Amino acid sequence: MEKQVYITDKEREKCQRVMEAYAELYENEDLLVLNAGRYGFVKLQSYRIPFGFDEITTFVDSQSLFDDLWEEWVETQLLILARDTPMEEMSYVDIFRSLPGEKQNEIMEKRNDFADRAGIKNVYRIPCTGQGF
């Protein structure tokens, strides 16, 4: 019987680069991305002893993996910026919009940096204009 393959070799290589580009995220967050071979890449999140990970998401294309990890990264940054301030109760979008334009641009430039490191070409590259992320 032939084994079913769920991810192409080309996408596996791209996903590997995306996973490596976001390496800093794994150090600070309760999540991990692993190469699951022919099944694609899995994001494991919310580890609880002795049960293991509560959330498991599988990716077979690099753009989806990139977008998901970007969202994780930016939300983490916004939570850090809002900690112990009145912004703590705000939505992510409202926190972002409350930041000075320079800080918004800095965050959006980080997306470009991740895209460059991951080799992702079709990412939104216009500097932030305060319209959200």
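The values are calculated or read from the model by the stated rules, or taken from the named source; none is laboratory data. Quick caveat: nothing in here was measured; it's all calculated off a predicted structure. Every residue, glycine as well, gets a Cβ built from its backbone with ideal geometry; the counts of neighbours run over all protein chains shown.
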| Restricting to helices (runs of 4 or more DSSP H) lying wholly in the range 9-90: which have 1 or more residues that are of a type in the set (A, V, I, L, M) and in contact (Cβ under 8 Å) with a residue 60 or more places away in the chain? | 9-21
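How many of the residues in the range 60-91 are touching an Asp or Glu at 6+ places or on another chain (Cβ under 7 Å) and more than 14 Å from GLU29 (Cβ to Cβ)?
Within the range 60-91, the subset touching an Asp or Glu at 6+ places or on another chain (Cβ under 7 Å) is 60-62, 72, 76, 82.
Within this subset, residues satisfying the condition of being more than 14 Å from GLU29 (Cβ to Cβ) are 60-62, 82.
Going through the range 60-91 one residue at a time, the tally reaches 4.
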| remark: When every residue in the range 58-107 that is polar (S, T, N, Q) and closer than 30 Å to ASP9 by Cβ is compared, the one surrounded by the most Cβ atoms within 10 Å (Cβ to Cβ) is SER62
| task | Can you tell me which residue within the range 108-133, out of those that are of a type in the set (Gly, Ala, Ser) and over 30 Å from GLU13 (Cα atoms), is modelled with the highest pLDDT? | result | GLY132
| request: Can you work out which of the residues in the range 12-40 that are touching a strand residue (DSSP E or B) at 6+ places or on another chain (Cβ under 9 Å) and among the acidic types (Asp, Glu) is farthest from LEU79 (Cα to Cα)? | output: ASP30
